[in-house]
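Participant: The structure is given below, and queries will be raised subsequently.
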Amino acid sequence: MARRKADFDGLLVQEFLTKSQAMAYTQRLTEETFNEEIMPYVHVYRGGKGGVYYVPELRKRMLDLVEIQPTK
């Protein structure tokens, strides 16, 4: 039986992800936050029933969003 939710460890070995998988990979809980913070900065490639996202581009965007917290 196939899994209903995207498995983060399983996503690490794929090169292209669907939108729902990309949302799980980038840890965005809603489509609105994904559309605002990720989509304008990555390319959408043709594949499957819709677009797919290239993992290295998602990873680069995630690194751009990193905020370093000062230590106490």
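The values are calculated or read from the model by the stated rules, or taken from the named source; none is laboratory data. Remember, predicted model here, so these are calculated numbers, not experimental data. Note: ideal-geometry Cβ built from the backbone for every residue, glycine included; neighbour counts use all protein chains shown. Remember, those area values only see protein heavy atoms, side chains included, never the ligands or the DNA or RNA. Shrake-Rupley method; radii C 1.70, N 1.55, O 1.52, S 1.80 Å.
Participant: Restricting to DSSP loop positions (anything but H, G, I, E, B) with no more than 10 other Cβ atoms inside 10 Å of their own Cβ, which trypsin sites (Lys or Arg not before Pro) remain in the range 14-55? Please list the in-between numbers first.
Facilitator: Working: sites: 19, 28, 46, 49; in loops: 28, 49.
When the trypsin sites (Lys or Arg not before Pro) of the range 14-55 are filtered for loop state and at most 10 Cβ neighbours within 10 Å, 49 remain.
Participant: List the GluC sites (Glu not before Pro) in the range 34-69 that DSSP assigns to loop (not H, G, I, E or B) and whose Cβ has at most 14 other Cβ atoms within 10 Å. Which are they?
Facilitator: The qualifying sites are 67.
Participant: Sorted by accessible area (1.4 Å probe), largest first, how do 18, 26 line up?
Facilitator: Working: 18 60, 26 0 Å².
Descending order: 18, 26.
Participant: List, in order, the whole-Hz ³J(HN,Hα) value for each residue of the range 61-70 obtained from phi through the Karplus relation with A = 6.51, B = -1.76, C = 1.60 and θ = phi - 60°; use x for Gly and Pro.
Facilitator: For the range 61-70, the Karplus-derived couplings read 5, 4, 5, 5, 8, 5, 10, 8, 8, x Hz, x marking Gly and Pro.
Participant: At 1.4 Å probe radius, can you tell me the per residue accessible area of the range 26-68 in Å²?
Facilitator: On the way: 3320 Å² over 43 residues.
Per-residue value: 77 Å².
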